[in-house]
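Read the structure below first, then the notes.
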Amino acid sequence: QKEVEQNSGPLSVPEGAIASLNCTYSDRGSQSFFWYRQYSGKSPELIMFIYSNGDKEDGRFTAQLNKASQYVSLLIRDSQPSDSATYLCAVNIQEYGNKLVFGAGTILRVKS
Amino acid sequence: GAGVSQSPSNKVTEKGKDVELRCDPISGHTALYWYRQSLGQGLEFLIYFQGNSAPDKSGLPSDRFSAERTGGSVSTLTIQRTQQEDSAVYLCASSGGEFYLNTEAFFGQGTRLTVV
């Protein structure tokens, strides 16, 4: 089992809709969870982090964490064509001293 | 510096030559990562440093690849006898590292390596 798993997509949503991106992880001891966005030809950039169970909102983005189910998600409300990118989930793995492990990423396409 | 700095930004080399890629992490960051990304593909983990040691170098694809980190700061990724399949963007990232509250990683702009 991979340490961090994401559906590769592409996930296609119409402009203005809610995009829901999902991620599962294997290490029950993980304590920090991150979402990165990567535009084509660019480096990944951090957009959200979450440490506690529940929801965390930042503008149009909401991160959701459920440690019991080992599941973290990212919701993007009012999706815009500029949100089209690859979204990477990252989780700290306690082995090797809190190493950050990335999922393979989900491609999101927002159609106008 | 303010961010992670990688050099060179672009490197074209002939097959069979050795190359060195450099990463300057954010000052004070203890953890440093190297990744490789081929066109249209995901991040391929290469090696993880915590301080000067590398607890996880499981991603290095062959013994032609090596990396070191000195003084808990600058890291160099060396590829010997380059092959065309080594062509990719090599990304470096650093993070505060040891405590779970500061494990978020920040990426450099990458080095685009082309082997001809």
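For the reader, a short list of remarks on this structure follows.
- Only Lys, Arg (+1) and Asp, Glu (-1) charged, at Cβ; chain B dipole about Cα centre in debye: 260 debye
- Packing here is the average count of other Cβ atoms within 10 Å per residue, and on that basis the peptides B:10-21, B:82-93, B:56-67, highest first, run B:82-93, B:56-67, B:10-21.
- Average beta-carbon neighbours from other chains, 10 Å sphere, peptide B:33-46: 3
- Convex hull of alpha carbon positions in the protein assembly as shown: directionally averaged projected area 12.4 nm².
- For region A:8-19, 3J(HN,Hα) per residue [Karplus equation, 6.51 cos²θ - 1.76 cosθ + 1.60, θ = phi - 60°, Hz, x = Gly/Pro]: 6, x, x, 9, 10, 9, x, 4, x, 7, 8, 9
- Partners for A:Lys2 among lysines (Cα-Cα distance below 24 Å; same-chain residues under 8 apart left out): A:Lys67, A:Lys99, B:Lys57
- Computed from phi, the 3J(HN,Hα) profile of region A:86-93 under the Karplus parametrisation 6.51, -1.76, 1.60 (θ = phi - 60°) reads 9, 10, 10, 8, 9, 9, 7, 10 Hz, with x in place of Gly and Pro.
- Point-charge dipole on Cβ atoms (K/R +1, D/E -1) for the protein assembly as shown, about Cα centre, debye to 20: 340 debye
- Average partner coverage of A:99-107, which counts Cβ from other chains inside 10 Å: 5
- Computed over chain B, Cα set: Rg, Dmax in Å: 13.5, 43
- When peptides B:72-80, A:100-108 are ranked by their average number of other Cβ atoms within 10 Å per residue, the highest-first order is A:100-108, B:72-80.
- Each of A:Ser32, B:Ser27, A:Ser26 was scored by other Cβ atoms within 10 Å of its Cβ. Listed from fewest to most, they are B:Ser27, A:Ser26, A:Ser32.
- Debye-sum result for region A:38-109 in log10 I(q)/I(0), which assumes one identical scatterer on each alpha carbon, at q = 0.13, 0.28 Å⁻¹: -0.42, -1.45
- Charges were assigned to the Cβ only: +1 to each Lys and Arg, -1 to each Asp and Glu. The resulting dipole of chain A about its Cα centre is roughly 120 debye.
Each value in this text was obtained by applying a stated rule to the coordinates, not by laboratory testing. Small disclaimer: the values here were computed from a predicted structure and weren't measured. For neighbour counting, all protein chains shown are included, and Cβ atoms are generated from backbone atoms with ideal geometry for every residue, glycine included.
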